[in-house]
Amino acid sequence: MKHIYLLIPVFFIAFCNFTYSQDTLQGSYTDYKIEAGSYLLNESVRFDGSLTIVPGAKIMFADKGAMIIGGSITAVTESLDIEFIGADQNPGNGLVIVNQKDAEIQLQGVVFKNLNTPLFFDNGWYRKKVVITNNHFIENYGKTSLIQILTPYNDFFDKNSSIEFALNENLFAENNSSIFIQDLGSLNLKIDIKNNTFINNKIYGLDSYIISSNLIYGRLDKINSTNVTRIKGNSF
């Protein structure tokens, strides 16, 4: 029994070291790299320029926490060890893509969990390429959108401005909201949704069928439908 009492202070010290090892992200950054480790984000933090997130990084989003991405972002891992996690009591939002930049977004092997809106592409955004592949979107309980893609910026005089957007081979499980694409047919947005798996997702608060109770929904007309969203090989 004496040995047990002696071990208690050791466990307490170890717990305190883990708690205080968490860094807080705040303010704004230009070119920045988030190294392996634990981070807290409880406000809107802006990243312009190039943002790189390396394997082993775990970012907790709390309160009004959101990563405002004004440039490029690269978060790539083969072992699902980059995590964007909402706080248990008051979860934050996720990634918000803003601005028009001739840059790329690459998200591969990332876990998005317990967030209000994991990915939000704001109105008028532009990137030349977006790759979202082999990620896990699990237990996100936000009521608005799981991924929301609003109308991107379009220069009517630039015929080579199409956005290549790949949403492929991701897992969507136990989520409360849909993927909303404002324009399923677009002048400059080429979306490819392929080989994703959807398991046990429930749309919040809907007792009867309406269009927004679909796991993927948006609008489509014949006016600006040069590029029509391709949805192929997904498992529901």
Please compute the length gained on full extension between S44 and E139, using 0.36 nm multiplied by the number of residues separating them and subtracting their Cα-Cα distance. 32.0 nm
Rounded if a/c is under 1.5, else prolate if a/b beats b/c, else oblate: with a ≥ b ≥ c from the C-alpha gyration tensor eigenvalues square-rooted, which is the stretch 49-195? prolate
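Taking 0.36 nm per residue of separation and subtracting the Cα-Cα distance, what length does fully extending K190 through K33 add? Don't skip to the end; give the middle numbers.
On the way: separation 157, 0.36 × 157 = 56.52 nm, distance 2.91 nm.
So the chain would gain 53.6 nm between K190 and K33.
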Return the distance in nm (one decimal) between the two label points of a simple spin-label model at I231 and S212, each offset 7 Å from Cα along Cα→Cβ. 1.7 nm
Past 20 Å, Cα to Cα, is the threshold; run K128/K190; K113/K202; K64/K143; K64/K202 against it and keep the listed order. K64/K202
In square angstrom, rounded to the nearest 10, how much accessible surface does F236 have for a 1.4 Å probe? 140 Å²
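The values are calculated or read from the model by the stated rules, or taken from the named source; none is laboratory data. Just so you know, these numbers come straight off a predicted model, no measurement behind them. Note that we place each Cβ from the backbone using ideal geometry, even for glycine, and neighbour counts take in every protein chain shown. Please note that ligands, DNA and RNA were not included when accessible areas were found on the heavy atoms of the full protein model with its side chains. Shrake-Rupley method; radii C 1.70, N 1.55, O 1.52, S 1.80 Å.
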